[in-house]
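Computed from the coordinates by the stated procedures, all read-outs in this text should not be read as laboratory data. Quick caveat, the model's predicted, so the values are computed rather than measured. Here the Cβ positions follow ideal geometry from the backbone for every residue, glycine too, while neighbour counts run over all protein chains shown.
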Amino acid sequence: MTLSEKDNLYNWHPYTQHKNAFNHPVIVKGSGALLWDDSGKEYVDAIASWWVNPFGHSNVFIAQAIFKQLTQLEHVLFGGFTHEPAILLSEKLAQILPNNQKRFFYSDNGSSAVEVALKVALQYFYNKGEKRTKIIAFEDAFHGDTFGAMATSGISFFTEAFKGSMLEVVRIPVPTKGNEVKSANALKKLVATNDYAAFIFEPLVQGAAGMVMYSSSALDELISIAKKGNVFTIADEVMTGFGKTGKNFACDYLIEKPDMMCLSKALTGGTIPMAVTSFTQEIFDGFYDDDVNKALFHGHTFTANPTGCAAALASIELLETKEIQNNIQLVNQSHLAFEQHIKNHPKVSSTRVLGVIFALEIKVNGKQDYYGEMRNKLYSFFIEKGVILRPVGNIIYVLPPYIISKEHLKKIYQTIEEALDYI
Ligand SMILES: *Cc1c(COP(=O)(O)O)cnc(C)c1O
């Protein structure tokens with residue numbers, strides 16, 4: 001049997017209807033912004049493998065840090081023990097995150113980072129004897145696929161089957177251009193009830209919704225409304241973190257600061273699954289007590305895995321180099337130039353750019369299905385051409401590794417332009 005045949009026999013892939021899935025390309029090698037399959041076909045990774053990989057595939061600097069850590073101390077439980085990589089990583093995060101973020105809780109993926117934030121928000125009020133049991137989230141949000149994260153996610157067909165078994169979440173409109181007042185008013189109404197523990201949002205960009213963007217001033221307004229009503233704010237930067245928006249964190253564009261932040265995806269440069277949830281001192285203090293029952297009884301076996309921490313430290317070191325900061329600006333300028341070139345194309349209804357993120361909406365009648373016909377046609381076209389892009393309905397977005405070359409960016413843009421003619 002070939003690898004592909006065995007894959008079809010054994011593996012259950014994410015977000016996949018296997019009955020009509022095509023054979024998944026067997027990827028055997030990655031370098032920089034490129035991947036190769038077992039037939040030798042080359043792909044440009046235009047979405048940084050689900051937004052995790054800023055510094056290129058098989059990055060040697062991170063790999064060396066991982067190897068060094070693996071041969072020094074690969075893992076030790078974090079319950080009752082600690083270690084240098086976790087201490088140094090937390091110290092580093094305290095330096096680069098908004099300066100009210102003081103405490104760091106480690107887990108293994110973005111969904112878990114969100115679960116931790118939600119549980120902390122709910123238990124904080126429980127510990128105080130205050131009844132705040134509901135959560136506020138945006139329409140069309142995506143916060144992950146575990147139960148709490150899923151409850152706060154608003155992409156309905158992802159979560160439809162589980163509607164009866166979820167945390168109580170109320171949604172407000174996203175403050176996209178023209179909807180700022182509507183969104184703020186909806187939040188004011190909810191906050192006034194004193195029923196809510198937290199408001200969770202993807203700051204500035206809703207990734208899974210199709211890179212939907214809104215302004216930092218609109219988010220500042222929402223955070224200040226939540227603060228006045230004693231509702232915690234949770235910035236889910238799982239996608240936006242570590243340079244994607246042109247600054248280290250989307251929250252760096254804000255005047256207000258969130259109470260909690262969720263980070264994962266690019267945290268380890270796309271190498272080791274790892275996540276962290278960060279908190280203000282006030283939140284930590286809500287658990288600090290003589291009463292053991294007020295502690296946070298949450299943990300994951302691989303919490304603060306030393307190898308993951310070492311990978312994250314190496315990643316952040318790369319992020320802070322002039323070269324990478326320069327690369328981010330180059331990708332941004334390149335996107336802006338392509339936007340100018342393509343925005344008046346007769347099939348394009350709108351475009352947007354922030355940092356290394358570019359998105360383009362194709363004109364359609366009504367809303368296109370997330371995994372609908374147009375999306376599937378586009379996806380197959382891109383794969384055929386050797387460009388990895390995963391359109392969302394009628395939205396094509398690009399979020400490449402920061403180190404991508406000019407030529408490969410050009411190939412991505414050209415392929416998108418060809419797709420517009422083909423569709
Ligand atoms: C991807 C994502 C998550 C979920 O992260 P996983 O590692 O897939 O569990 C949560 N929030 C946002 C904003 C994301 O983009």
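Can you tell which of Q72, L219, V238 lies farthest toward the positive end of the dipole of the stretch 63-319, using +1 and -1 charges on the Cβ of basic and acidic side chains (Lys, Arg; Asp, Glu)?
Among Q72, L219, V238, the one farthest towards the positive end of the dipole of the stretch 63-319 is L219.
Let me check against my output: what whole-number percent is the relative contact order of the stretch 294-423, with C-alpha pairs under 8 Å and at least 6 apart?
21
Given the options F105, F201, C262, identify the residue whose Cα lies farthest towards the positive end of the charge dipole of the chain (+1 on Cβ of Lys, Arg; -1 on Cβ of Asp, Glu).
Ranked along the dipole, the leading option is F201.
What is the Rg over Rh value, at two decimals, for the chain, using alpha-carbon atoms and the Kirkwood definition of Rh?
Taking Rg over the Kirkwood Rh, I get 0.96.
With respect to the cross-link table entries K189/K265; K41/K406; K6/K29; K247/K385, which display a Cα-Cα separation exceeding 28 Å?
K189/K265; K247/K385
With contacts defined as alpha carbon pairs under 8 Å and 6 or more residues apart, what's the relative contact order of the stretch 24-157 in percent?
Over the stretch 24-157, the number comes to 12 percent.
What aspartates and glutamates does K294 reach when the alpha-carbon gap must be under 20 Å and sequence neighbours fewer than 8 apart in one chain are set aside?
Straight-distance partners of K294: E115, E130, D259, E282, D285.
Once Rh is set to the Kirkwood radius over Cα pairs, what Stokes-Einstein translational diffusion coefficient, in µm²/s, holds for the stretch 176-262 at a temperature of 25 °C and a viscosity of 0.890 mPa s?
Value of D from the Cα-based Kirkwood radius: 187 µm²/s.
With θ set to phi - 60° and the Karplus curve 6.51 cos²θ - 1.76 cosθ + 1.60, what are the ³J(HN,Hα) couplings of the stretch 406-415 in order, to the nearest whole Hz, using x for Gly and Pro?
4, 5, 6, 4, 4, 4, 4, 4, 4, 5
Which distance in nm do the two modelled labels at L70 and E320 give, with both placed 7 Å along the Cα-to-Cβ direction?
Here the answer is 2.6 nm between the modelled labels.
Taking the chain as a Gaussian network, where each spring joins two C-alpha atoms under 10 Å apart, which residue of G144, G366, G355 fluctuates the most?
G366
Using a cut-off of 12 Å between beta-carbons, work out the net charge of the residues near L336 (Lys and Arg +1, Asp and Glu -1, L336 not included).
Net charge around L336: +1.
Rounded to the nearest 20 Debye, what is the dipole magnitude of the stretch 325-415 about its Cα centre when Lys and Arg each give +1 and Asp and Glu each give -1 at the C-beta?
100
Using alpha-carbon positions, what is the distance between the centroids of the stretch 121-179 and the stretch 1-38, in Å?
For the stretch 121-179 versus the stretch 1-38, the Cα centre distance is 33 Å.
So what is the 222 nm mean residue ellipticity for the chain from helices alone, if each DSSP H run of at least 4 adds -39500 (n - 2.57) and you divide by all residues, rounding to the nearest 500 deg cm²/dmol?
-11500 deg cm²/dmol
Round to a whole angstrom and tell me the spacing of the C-alpha centers of the stretch 264-298 and the stretch 321-357.
Spelled out, the Cα-based centre of one part sits 35 Å from the other.
Once you keep just the Cα pairs under 8 angstrom separated by 6 or more residues, what percentage relative contact order results for the chain?
Computed value for the chain: 21 percent relative contact order.
Excluding residues fewer than 8 places away in the same chain, name every one of the aspartates and glutamates whose C-alpha is closer than 20 Å to that of K410.
Partners found: E42, D45, E339, E361, E384, E418, D421.
Given a 10 angstrom Cα cut-off, can you work out which residue in T240, T277, T16 is the most mobile in a GNM of the chain?
Most flexible of the set in this elastic network: T16.
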